[in-house]
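Below is one structure; the comments refer to it alone.
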Amino acid sequence: MRVVIQRVQSASVSINNNVFSAIQKGLLILVGIEEADNAEDIDWLCKKIIDLRIFADDAGKMNLSVKETNGDILVISQFTLHASTKKGNRPSYIKAAKPEVAIPLYGSFITALSALFQKAVKIGVFGADMQVTLINDGPVTICIDSKNKE
C-alpha cells in the first residue's frame, strides 16, 4: 500500500463539478492499493499516518501530529500510485489491485484511520473521475510504502 501525504491548508474533491468532500487544515492522503496488500499493511500505515509529526509546534518545529493539531483528513483512492514506468512511455498498472480486492481494503483503511484518529475522515469516491484541489502547506509532501517498513 502506498500513500502520498500532503500537509494542506485546505483540500477538496469534486465529482461532476460538485464538491463531494472538503477539509481545512490537515492531511490530504492519496492511497494506492496493490494486490499483495492486507490488514497488516493497513494497520501499520494508519498508525504511521496518525503519529506522523509534520505540523509545527509553538517553536515552529515540525513536532505535532494531525491529531494533536485537531486537523482534518481527506483520503482519495489513486491506483496510479502503483504505476510502473520501466518499459516504454505508457505506465503499466499491473501491481494495482483490481476493484474486487481494492474496494474492501480501501474501506478498511478508512475505517481503521477514522478509529485511530477518533473522528471521521473525509473521502472521495473509489473509481470516480475526481478533481482534487489543494493548498499545500509548506509544502510538505511525504511518500510512504508499507512494503518498505524497514
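The values are calculated or read from the model by the stated rules, or taken from the named source; none is laboratory data. Just so you know, these numbers come straight off a predicted model, no measurement behind them. Note that we place each Cβ from the backbone using ideal geometry, even for glycine, and neighbour counts take in every protein chain shown.
Yes/no per residue for (1) crowded, with 18+ Cβ neighbours inside 10 Å; (2) in a helix (DSSP H, G or I):
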{"site": "Lys47", "(1), (2)": "no, yes"}
{"site": "Glu68", "(1), (2)": "no, no"}
{"site": "Leu74", "(1), (2)": "yes, no"}
{"site": "Lys87", "(1), (2)": "no, no"}
Exercise. Taking segment 17-45, which residues are in contact with a helix residue (DSSP H, G or I) (Cβ under 7 Å, 6 or more places away or on another chain) and assigned to a loop (DSSP other than H, G, I, E, B)?
Worked result: Ile33, Glu35, Asp37
Exercise. In this structure, does Ala120 turn out to be under 17 Å from the mean Cα position of the chain (by Cα), among the small types (Gly, Ala, Ser) and under 21 Å from Lys25 (Cβ atoms)?
Worked result: yes
Problem set entry | Candidates Leu113, Leu134, Leu105 - the one that is part of a strand (DSSP E or B) and aliphatic (A, V, I, L, M) | Leu134
For this session: For segment 49-61, enumerate the residues that are in contact (Cβ under 8 Å) with a residue 40 or more places away in the chain, out of contact with any strand residue (DSSP E or B) (no Cβ under 6 Å at 6 or more places or on another chain) and in a loop (DSSP other than H, G, I, E, B).
Result: Leu52
For this session: Kindly indicate whether any position in segment 131-146 is touching a helix residue (DSSP H, G or I) at 6+ places or on another chain (Cβ under 8 Å) and in contact (Cβ under 8 Å) with a residue 24 or more places away in the chain.
Result: yes
Exercise. Of all residues in segment 71-99 being modelled with pLDDT of 95 or more and not small (Gly, Ala, Ser), which is farthest from Gly32 (Cα to Cα)?
Worked result: Asp72
Seminar exercise, completed: Taking segment 62-77 and keeping only residues that are under 25 Å from Gln131 (Cβ atoms), free of Cβ contacts under 8 Å to residues at least 60 places away in the same chain and not β-branched (Val, Ile, Thr), one is left with Gly71, Asp72, Ser77
For this session: Take segment 116-131 and flag every residue that is surrounded by fewer than 17 Cβ atoms within 10 Å (Cβ to Cβ) and in a helix (DSSP H, G or I).
Result: Leu116
For this session: Kindly provide the set of residues from segment 4-30 that are surrounded by fewer than 23 Cβ atoms within 10 Å (Cβ to Cβ) and among the aliphatic types (A, V, I, L, M), ordered by number.
Result: Val4, Ile5, Ile15, Val19, Ala22, Ile23, Leu30
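Just need a number here: residues in segment 31-45 that are out of contact with any Lys or Arg (no Cβ under 6 Å at 6 or more places or on another chain) and crowded, with 20+ Cβ neighbours inside 10 Å.
The qualifying residues number 6.
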